[in-house]
Amino acid sequence: MVFDSIPSLFNNTRSSSSDPYSEEYGNAVIVRAHPLGMARANNNVNVEGARGSELEPCIGLEFDSADDARELYSVYATRVGFRTRTGQLYRSRTDGSVASRRFVCSKEGFQLNSRTGCPAFIRVQRRDSGKWVVDQIHKDHNHELGDMEESRPPILPQRTPKGRKSSAKVSSKSKLKFLAEVDDGQPCFSRSISFKRIKTGGDGGQPKAEPYAGLVFSSVDEAFHFYLRYADEAGFKTRIGQLFRSKNDGSITSRRFVCSKEGFQHPSRIGCGAFMRIKRQDSGTWMVDRLQKDHNHDLEPQTRTHTKTSTASKKFIDEVNGGLDTLDLSEINNGVRSNIRQGNNIGSEWYHLLLDYFQSKQAKDTGFFYSVQVDNGVCMSVFWADGRSRFASSQFGDAIVVDTSYRKTNYLVPFAMFVGVNHHKQPVLLGCALIANESKESFIWLFQTWLRATSGCRPKSIIADLDMAIQQAIAHVFPGTRHRFSMWQIRAKERENLRSMSSEFKYEYEKCIYDSQTNADFNTMWNALVNKYGLKENAWLKEMYEKRESWVPLYLRGTFFAGIPLNESMESLFGIFLNAETPLVEFIARYEQGLEQRREEERKEDFNCSNLQAFLQTKEPIEEQCRRLYTLTVFQIFQKELLQCYNYLGIKIYEEGTISRYSVRRCGNDSEKHMVTFSASNLNVSCSCQMFEFEGVLCRHVLRVFILLNMREIPSHYLLHRWTRNAEHGLVCDVDSGVSCQELKSLMVWSLRETACKYIESGTTSIEKYRLACEIMRDGAKKFSRQR
């Protein structure tokens, strides 16, 4: 029995312990339904008279898939009088799979003039059983409802093969077949709703291209050709959408092919939701795992122009070496080659959310800064930094990490961060960004904007990815800054290119990279390695050898990196609170929560430094000096080096004038030795281990020489202000640091502003403190007047 609409299902509901069977029937949609929890049922209504009833979505309604829920919501919307579209999806933090989905009224949001911010939606959540259950619903609309039957978005037609007629009468509208017959002939319902569309073949000649979930292709190229043909027959144009990468090795795991009208980055795009996504299988094939066929615009009949477009696209793909499988960063857009990096990976709904947030922050924080990149009138990348982050940049922006680890995962949003290391050796936020694309121009804009936000305070070193676009952008904006490659990306490349090598090779490779002490040592070990394993022509190893000064520890030790380890990645600043898979509706709340937790940890360390004191373990005056100045964390590093220096023996091997040179070796281990050079005239010292140059704390070898020379104090220029308890007060401006007048003024501005902000916060907690604050300011104003 076939009904015209789905509401008839709930007119006669009778529970049954047997599991009803599924069936495919012509062009119908098979339905199994049993609402959970709050679902309504009326066992007293005759099934034959069920046509006029109404189906109301409700909390607890269960589906076999999210697509089933979308179709049911669309049917309900048509009857009530509104249109729908697919809203935000939410991913699991553990494996990145989709955990829930929202289906919303088409007038939700404000991205188009036709949208009114309608709040109506349903959300379905995936349970452990694999079922999808409605867990949130809002039925009220903020606009008038009307008849949608004649104005629904067109759905791709399906043909019935010639010579065959359906055994049941099917209307032109979507049909629902009610499985009312069981063995005893009584009507019954199952425990879930399962819609299944029945595909029909083409009529004669070449079969019609009809994508469906589970369709397998041998390559991405083949899948794209198939979708082009399907689009040509259906009457729409296509382009290549988002790609997704593996968390482990950065390789492409899935791709989306979308309708050319997807998104809102161009006036011709209207947010069409039609797409096909393919996912790489373990066998190397690609399978359709997600599919959306419905469009929100009229489809055009097949034309000669579009046929030429498809041909042009095919020709372009064929000319690319290796096809789409190797074309990571290219896009075919209506037959014209463009660079996908020139596109926009930021969903249009993000701009409205972020601009509202920025405006609210500016009202509270006078130091809040944000900037939006605009290209031909279209919003692209976004950068922002609050007053606290801008001040931190002036204090701890000498060594920064540009964290683009969002690329390790199937990200929803390309969220990047500028991260530094504070005086407690904790990660500190220096700015945030959403990166529209990964072009050189985007990164140049990003770095220039951060530089402008921090009043021109240039870093000494940057840890960032090894992509050519980033390398070129850093060289353009920070010409004197040392670029070190991100360790997570180096590790991913090693897994990708060295996975077939033996464990013996990997041991020798690690020893060459991390144990080499001199340039000659490294070259000798590297050449021996590639010759022994026949890797002289390995392209990746050749490239990495040419770029060795940007990732091999030996070449990086002489540059200040605030002690960020060379063989591991920096800990995530936001931890579990925020990542590239955080959904839109939760982003701001999680961002604020994660940032506040980090700043609370910093306040705790500030409190400990003010109220606690480390134990002295020697009688050396320099230990007492450093305990008084350093933060607890940094003092522990210094104290460890001081204690270790007693295990070393220092011997003067050279002296000329005021210059002395010492050989410092570990007792009982002659192979572990370093050279320390000391100048008595200016108290300058250097060690071949270069710990001070890399971390800003003197090493055990230098401390051994200082003790031999009976030095009672460490020279002030070896006590970096950034590691002291008062690093957040005054200026991070060491003697002979070469800071320009402009940079010095910027530092003074940020130091005074941050101090004033804290002063204001304390002065507004009560009337008494407010009066005290006013009195202090009046006294300060009088002192300023006397200075004039």
Scan segment 426-435 and give yes if some residue there is modelled with pLDDT under 90 and open to solvent by 10 Å² or more (accessible area, probe 1.4 Å), otherwise no. no
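Residue by residue, here is whether (1) open to solvent by 70 Å² or more (accessible area, probe 1.4 Å); (2) in contact with a strand residue (DSSP E or B) (Cβ under 8 Å, 6 or more places away or on another chain) holds:
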| position | (1), (2) |
| --- | --- |
| LYS619 | yes, no |
| GLU624 | no, no |
| ARG627 | no, no |
| TYR630 | no, yes |
| LYS640 | yes, no |
| CYS645 | no, no |
| LEU649 | yes, yes |
| LYS652 | yes, yes |
| ARG661 | yes, yes |
Can you run down the residue pairs with Cβ atoms below 6 Å, 6 or more apart or on separate chains, where the first is in segment 535-562 and over 22 Å from GLN472 (Cα atoms) and touching a residue at least 12 places away in the same chain (Cβ under 8 Å) and the partner is open to solvent by less than 30 Å² (accessible area, probe 1.4 Å) and aromatic (Phe, Trp, Tyr)? LEU554/PHE522; ARG557/PHE694
From SER503, SER486, grab the single residue that is surrounded by fewer than 22 Cβ atoms within 10 Å (Cβ to Cβ) and of a type in the set (Gly, Ala, Ser). SER503
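Results for (1) small (Gly, Ala, Ser); (2) touching a strand residue (DSSP E or B) at 6+ places or on another chain (Cβ under 9 Å), shown as yes or no for each residue.
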| position | (1), (2) |
| --- | --- |
| ASN345 | no, yes |
| TYR351 | no, yes |
| SER360 | yes, no |
| VAL378 | no, no |
| VAL382 | no, yes |
| ILE400 | no, yes |
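Would you check if LEU291 is aliphatic (A, V, I, L, M), within 25 Å of the chain's Cα centre (by Cα) and at pLDDT 80 or above?
Details: aliphatic (A, V, I, L, M): yes; within 25 Å of the chain's Cα centre (by Cα): yes; at pLDDT 80 or above: yes.
The answer is yes for LEU291.
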If you scan segment 580-594, which residues turn out to be out of contact with any strand residue (DSSP E or B) (no Cβ under 6 Å at 6 or more places or on another chain) and open to solvent by less than 50 Å² (accessible area, probe 1.4 Å)? THR582, PHE587, ILE588, ARG590, TYR591, GLY594
Result of the Cβ filter at 9 Å on segment 606-617, keeping first residues that are at negative phi and partners that are assigned to a loop (DSSP other than H, G, I, E, B) and open to solvent by 50 Å² or more (accessible area, probe 1.4 Å), at least 6 apart or interchain, is ASP606/ARG725; CYS609/ARG725; SER610/ARG725
Condition test on LEU573, is it without any contact (Cβ under 8 Å) to a residue 40 or more places away in the chain and either under 30 Å from LEU89 (Cβ atoms) or loosely packed, with under 15 Cβ neighbours inside 10 Å (or both)? no
Do we have ILE462 as at pLDDT 95 or above and surrounded by 20 or more Cβ atoms within 10 Å (Cβ to Cβ) here? yes
Being of a type outside the set (Lys, Arg), open to solvent by 60 Å² or more (accessible area, probe 1.4 Å) and not in a helix (DSSP H, G or I) is true for just one of GLU543, GLU549, GLU568, GLU510. Which residue is that? GLU568
Single unsatisfied condition, GLU768 versus (1) at pLDDT 80 or above; (2) surrounded by 12 or more Cβ atoms within 10 Å (Cβ to Cβ); (3) part of a helix (DSSP H, G or I): (2)
Kindly indicate the residue of segment 343-392 that is β-branched (Val, Ile, Thr) and part of a loop (DSSP other than H, G, I, E, B) and also nearest to ASN422 (Cα to Cα) among those meeting that condition. THR366
Counting only residues that are of a type in the set (A, V, I, L, M, F, W, C) and at pLDDT 85 or above, which one in segment 198-219 is least open to solvent (accessible area, probe 1.4 Å)? PHE217
The number of residues in segment 479-497 that are more than 16 Å from ILE400 (Cβ to Cβ), modelled with pLDDT of 85 or more and charged (D, E, K, R) is 4
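Rundown of residues vs (1) within 22 Å of ALA756 (Cα to Cα); (2) open to solvent by 40 Å² or more (accessible area, probe 1.4 Å); (3) modelled with pLDDT under 85, yes/no style:
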position	(1), (2), (3)
GLU331	no, no, yes
TYR357	no, no, no
ASP375	no, yes, yes
VAL378	no, no, yes
PHE383	no, no, no
ASP386	yes, no, no
Give just the number: which of (1) over 24 Å from GLU300 (Cα atoms); (2) modelled with pLDDT of 70 or more; (3) of a type outside the set (A, V, I, L, M, F, W, C) does THR84 not satisfy? (1)
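Restricting to segment 123-140, and then to whatever is of a type in the set (Asp, Glu) and exposed (fewer than 14 other Cβ atoms within 10 Å of the Cβ), can you tell me which residue is farthest from GLY60 (Cα to Cα)? Steps first, answer last, please.
Initially, segment 123-140 is screened for residues of a type in the set (Asp, Glu), giving 128, 135, 140.
Imposing the further condition that a residue be exposed (fewer than 14 other Cβ atoms within 10 Å of the Cβ) reduces the set to 128, 140.
Details: ASP128: 15, ASP140: 19 Å.
For segment 123-140, the residue satisfying everything is ASP140.
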Under the condition of being within 37 Å of the chain's Cα centre (by Cα) and of a type in the set (D, E, K, R), which residue from segment 711-737 is modelled with the lowest pLDDT? ASP734
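For PHE607, state whether it is of a type outside the set (Gly, Ala, Ser), open to solvent by 40 Å² or more (accessible area, probe 1.4 Å) and in a helix (DSSP H, G or I). Please lay out each step first, then the result.
Values: of a type outside the set (Gly, Ala, Ser): yes; open to solvent by 40 Å² or more (accessible area, probe 1.4 Å): yes; in a helix (DSSP H, G or I): yes.
Spelling it out, PHE607 is indeed of a type outside the set (Gly, Ala, Ser), open to solvent by 40 Å² or more (accessible area, probe 1.4 Å) and in a helix (DSSP H, G or I).
The values are calculated or read from the model by the stated rules, or taken from the named source; none is laboratory data. Please read all numbers here as calculations on a predicted model, not as lab measurements. Cβ sites come from the backbone with ideal geometry, for glycine too, and all protein chains shown count toward neighbours. Note: areas computed on protein heavy atoms with side chains; ligands, DNA, RNA excluded. Shrake-Rupley method; radii C 1.70, N 1.55, O 1.52, S 1.80 Å.
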